[in-house]
Amino acid sequence: MRSGELDNLAEDVGERRDVAPHQPEVARQLRALVEAVNRDPGVSELGSGVRTLGRAQTTRPWIANDPELSEVRQADTIFSAGGGAESRG
């Protein structure tokens with residue numbers, strides 16, 4: 001929100017009239033949402049939604065057609081036999 005302003009774009013496309021004073025609860029809810037979103041990834045520092053840097057244990061690509069990954073095709077076949085999506089392998 002720009003400086004705590006609330007605009008009604010259906011009636012004021014040019015954003016000339018601040019309706020926050022007439023809709024304080026909506027303005028409060030939006031302000032709280034913006035603050036929560038800013039905290040999650042973090043704006044000035046890492047937020048609670050940022051995971052720590054990790055490293056892959058293997059750099060092998062995970063491709064369903066890889067003959068060494070038969071368990072992936074088996075899982076797909078079991079899923080399709082149970083009425084799910086058709087086999088992708």
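Which one of Ser80, Ser44 is surrounded by 11 or more Cβ atoms within 10 Å (Cβ to Cβ), among the hydroxyl-bearing types (Ser, Thr, Tyr) and modelled with pLDDT under 80? Outline the logic, then answer.
Working: Ser44 fails: surrounded by 11 or more Cβ atoms within 10 Å (Cβ to Cβ).
After ruling out the rest, the residue left standing is Ser80.
Does Ala27 satisfy the criteria of being small (Gly, Ala, Ser) and not in a loop (DSSP other than H, G, I, E, B)? Explain how you work it out, then say what you get.
On the way: small (Gly, Ala, Ser): yes; not in a loop (DSSP other than H, G, I, E, B): yes.
So Ala27 fits the description; yes.
The values are calculated or read from the model by the stated rules, or taken from the named source; none is laboratory data. Just so you know, these numbers come straight off a predicted model, no measurement behind them. Every residue, glycine as well, gets a Cβ built from its backbone with ideal geometry; the counts of neighbours run over all protein chains shown.
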